[in-house]
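K.L.:
Dropping the structure in here first, questions after.
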Amino acid sequence: MTTQVSSWGRLVSPEHQVIALNQLDQLPVSFGKSGLPFGNGRSYGDVCLNPDGLLWTTCGLDRFMDFDTEQGLLTCEAGVLLRDIQRLVIPHGWMLPVTPGTQLITVGGAIANDIHGKNHHVLGSFGDHVQSISILRTDGETITCGSKLRADWFAATVGGMGLTGVVVQATLQLRKIDGPWLEAENVPFHQLPDFFQLADDSEAEWEHTVSWIDCLNSKGRGVFMRGNHVAAQTDPKPSGGGIGVPFVPPISLVNKLSLRPFNLAYYQLQARKRERTLVHYEPFFHPLDNVRHWNRIYGPKGFYQYQSVVPRGVGKEAVAAMLRTIAAAGDGSFLAVLKTFGERQSVGMMSFPMPGVTLALDFPNKGEKTLALLRSLDAIVREAGGRIYAAKDSRMPIDLFESGYPQLTEFVKYRDPGISSAMSRRLMGY
Ligand SMILES: Cc1cc2nc3c(=O)[nH]c(=O)nc-3n(C[C@H](O)[C@H](O)[C@H](O)COP(=O)(O)OP(=O)(O)OC[C@H]3O[C@@H](n4cnc5c(N)ncnc54)[C@H](O)[C@@H]3O)c2cc1C
């Protein structure tokens with residue numbers, strides 16, 4: 001029995017043999033077919049797909065094993081969602097140190113892509129807070145590792161795109177907080193250099209920083225958002241509910257007609273909210289989680305996400321060149337996010353974050369026209385000495401993968417020969 005599975009970008013829906021992992025000491029294998037762990041499918045491209053092969057879904061690995069409320073150490077299975085960890089630990093004064101734009105991802109997916117949040121300049125990426133993991137390999141071996149124990153296996157698996165084995169269990173170091181609230185401020189900026197100035201000015205005092213950028217505006221205007229955890233004096237309630245996109249519209253709702261007025265309206269709305277406000281962590285960190293299936297707005301052809309990072313020294317020129325290229329193509333995205341990464345080196349051999357500035361954009365899939373635009377962006381990233389994020393990718397060229405990830409040769413030594421993905425076959429040959 002096979003099932004069609006797509007990732008968040010909905011570009012393709014290939015057939016897979018889906019097998020749910022539960023309590024396990026052996027990975028189910030099928031002769032002649034490779035397998036691949038699958039978390040919650042929140043990766044945009046083909047890193048979580050294994051067409052014609054096995055997909056080991058981890059949603060059944062959802063048990064909490066231990067929570068040390070004194071030390072803030074949590075041990076759980078790898079299919080647990082970050083959302084469920086937060087809901088368990090926050091009432092005890094702890095929180096995950098690093099969370100991405102959605103909390104609907106699994107611990108295994110967070111480790112395998114070594115995900116980052118808005119606070120990389122302070123706390124690095126997810127892997128920096130993983131104390132230890134257990135990995136199950138297709139030959140039946142279980143490897144337990146961490147930064148101080150079999151550190152080479154740990155470095156290969158953090159950011160290792162699921163290719164070294166299935167992470168079955170992890171122990172995470174949480175961070176202390178006074179409650180679920182943040183003090184947040186939005187600062188509009190009118191041109192790209194102001195973003196870099198705001199980033200420089202904000203990073204010492206603000207833990208979380210990120211910008212939305214209007215990529216149809218040639219000057220690069222946007223809104224710089226920053227926040228710090230605070231102990232709230234009052235007890236405001238998070239905005240509840242949520243809406244959904246109930247079906248896939250026949251065409252993308254993100255197009256030339258909708259994008260320009262949307263970006264203008266969004267900019268004007270955010271620019272008015274200059275004052276500091278108290279915000280619950282869910283809307284602050286994960287604003288789109290309230291809109292179920294928002295990925296459907298791009299219509300039946302899906303969309304590409306393009307996230308790159310370039311070194312800080314050439315960041316201004318490279319980001320400006322990318323924005324010019326996108327504006328000239330007239331194909332902007334409404335989810336355009338710009339943020340800086342700190343100086344901390346990532347623990348994973350294949351981790352995406354590196355010191356620099358990262359730009360993430362999505363584009364409705366218009367076939368060759370979109371691919372040509374992405375190739376132009378590749379040229380800028382290549383020239384700048386940057387890299388593309390595997391979690392978002394489905395088409396990066398091999399040479400950019402190899403130049404962006406200089407530890408690739410070392411990494412492949414740790415691959416499990418029984419595991420592969422559409423991405424690994426595309427970029428590594430198997
Ligand atoms: C709205 C939105 C916002 C996002 N914002 C950010 C962001 O701010 N920062 C960021 O870094 N990312 C971000 N992402 C990307 C997302 O965090 C990553 O793609 C994440 O890895 C998805 O986790 P998942 O559990 O859905 O895993 P999947 O997408 O199912 O799988 C991702 C990878 O993990 C591997 N994997 C899954 N489980 C295991 C396991 N148990 N053992 C070994 N390997 C495993 C898979 O093989 C695959 O290679 C965002 C995604 C969305 C949809």
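The values are calculated or read from the model by the stated rules, or taken from the named source; none is laboratory data. Note that this is a predicted model, so its numbers are computed, not measured. Here the Cβ positions follow ideal geometry from the backbone for every residue, glycine too, while neighbour counts run over all protein chains shown. These area figures cover heavy atoms from the full protein model, side chains too; ligands, DNA and RNA do not enter into them. Shrake-Rupley method; radii C 1.70, N 1.55, O 1.52, S 1.80 Å.
K.L.:
Taking the stretch 48-57 as the search range and keeping residues that are open to solvent by 10 Å² or more (accessible area, probe 1.4 Å) and at pLDDT 95 or above, which one is nearest to His16 (Cα to Cα)? It would help to see each step written out before you state the result.
P.N.:
Narrowing the stretch 48-57 to residues open to solvent by 10 Å² or more (accessible area, probe 1.4 Å): 48, 51-52, 57.
Pick out the ones that are also at pLDDT 95 or above and you get 48, 51, 57.
Numbers: Cys48: 11, Pro51: 6, Thr57: 11 Å.
Per the stated criteria, the residue is Pro51.
K.L.:
Specify which of the listed residues (Leu192, Leu136) is over 25 Å from Met428 (Cα atoms) and not basic (Lys, Arg).
P.N.:
Leu192
K.L.:
Further question on the same structure: Within the set of pairs 6 or more residues apart or between chains, which connect a residue that is open to solvent by less than 20 Å² (accessible area, probe 1.4 Å) inside the stretch 108-123 to a residue that is assigned to a helix (DSSP H, G or I) and more than 6 Å from the ligand (Cβ to nearest atom) with Cβ atoms less than 6 Å apart?
P.N.:
Ala110/Phe126; Asp114/Phe126; Asp114/Gly127; Ile115/Phe126
K.L.:
So which residues in the stretch 198-217 are more than 22 Å from Thr325 (Cβ to Cβ) and aromatic (Phe, Trp, Tyr), if there are any at all?
P.N.:
Trp206
K.L.:
Evaluate the following for Gly72: is it over 30 Å from Thr138 (Cβ atoms), modelled with pLDDT of 95 or more, open to solvent by less than 10 Å² (accessible area, probe 1.4 Å) and near the ligand (Cβ under 8 Å from one of its atoms)?
P.N.:
no
K.L.:
For the stretch 75-107, give me the residue count where each residue is within 24 Å of Lys339 (Cβ to Cβ), in a strand (DSSP E or B) and either without any contact (Cβ under 8 Å) to a residue 40 or more places away in the chain or within 14 Å of the ligand (Cβ to nearest atom) (or both).
P.N.:
Summing the residues that are within 24 Å of Lys339 (Cβ to Cβ), in a strand (DSSP E or B) and either without any contact (Cβ under 8 Å) to a residue 40 or more places away in the chain or within 14 Å of the ligand (Cβ to nearest atom) (or both) in the stretch 75-107 gives 2.
K.L.:
Residues in the stretch 360-374: is at least one open to solvent by 10 Å² or more (accessible area, probe 1.4 Å) and hydroxyl-bearing (Ser, Thr, Tyr)?
P.N.:
No, there is no match, as no residue in the stretch 360-374 is open to solvent by 10 Å² or more (accessible area, probe 1.4 Å) and hydroxyl-bearing (Ser, Thr, Tyr).
K.L.:
Same structure again: Which of the residues belonging to the stretch 158-194 are under 22 Å from His286 (Cβ atoms), touching a Lys or Arg at 6+ places or on another chain (Cβ under 7 Å) and not in a strand (DSSP E or B)?
P.N.:
none
K.L.:
Here is a follow-up. Has the stretch 201-222 got any residue that is within 13 Å of the ligand (Cβ to nearest atom) and in contact with an Asp or Glu (Cβ under 8 Å, 6 or more places away or on another chain)?
P.N.:
yes
K.L.:
Of (1) free of Cβ contacts under 8 Å to residues at least 24 places away in the same chain; (2) under 23 Å from Gly41 (Cα atoms); (3) not small (Gly, Ala, Ser), Glu70 satisfies all except one. Which?
P.N.:
For Glu70, the failing item is (2).
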